[in-house]
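The values are calculated or read from the model by the stated rules, or taken from the named source; none is laboratory data. Not measured: the values here are computed from a predicted model. Here the Cβ positions follow ideal geometry from the backbone for every residue, glycine too, while neighbour counts run over all protein chains shown.
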Amino acid sequence: MRFAGKRASFGLDIYNIFNSDSPLGYQTTYTATKNPDGSWAQASPTTGLPNDWGRITSITRPRFARLNFTFDF
């Protein structure tokens, strides 16, 4: 909007409006373990948990909006 040689502008940005779960971070540590017979272990021998390399560690926040106003004189 323009008036008296001045200008005002308004804006609204809505991010992730459809609430998609886009990954932002991944597990980047890979731990390789050999069994006593020489084969590769699919799980950690100490914890019994599977190797989680590539697992998603964070996702996009739910919907959020930004409202802005600019006044130029």
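Tabulated values for the structure
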quantity: Residue check for residue 38: part of a loop (DSSP other than H, G, I, E, B) and either modelled with pLDDT of 75 or more or of a type in the set (Lys, Arg) (or both); calculated: yes
quantity: Inter-residue pairs, beta-carbon under 7 Å, first farther than 21 Å from residue 21 by Cβ and in the range 54-73, second surrounded by fewer than 10 Cβ atoms within 10 Å (Cβ to Cβ) and among the small types (Gly, Ala, Ser), 6+ apart; calculated: 68/11
quantity: Residue among 57, 33, 28 that is exposed (fewer than 10 other Cβ atoms within 10 Å of the Cβ), hydroxyl-bearing (Ser, Thr, Tyr) and modelled with pLDDT under 90; calculated: 28
quantity: Residue 6 out of contact with any Ser or Thr (no Cβ under 6 Å at 6 or more places or on another chain), modelled with pLDDT of 80 or more, of a type in the set (Lys, Arg) and surrounded by 10 or more Cβ atoms within 10 Å (Cβ to Cβ); calculated: yes
quantity: Unmet requirement for residue 52, which otherwise passes all of (1) out of contact with any Phe, Trp or Tyr (no Cβ under 7 Å at 6 or more places or on another chain); (2) at pLDDT 85 or above; (3) surrounded by 10 or more Cβ atoms within 10 Å (Cβ to Cβ); calculated: (2)
quantity: Pair list, Cβ < 6 Å and 6+ apart or interchain, from the range 1-28 residues that are closer than 13 Å to residue 62 by Cα and part of a strand (DSSP E or B) to residues that are of a type in the set (Val, Ile, Thr) and modelled with pLDDT of 85 or more; calculated: 23/56; 23/59
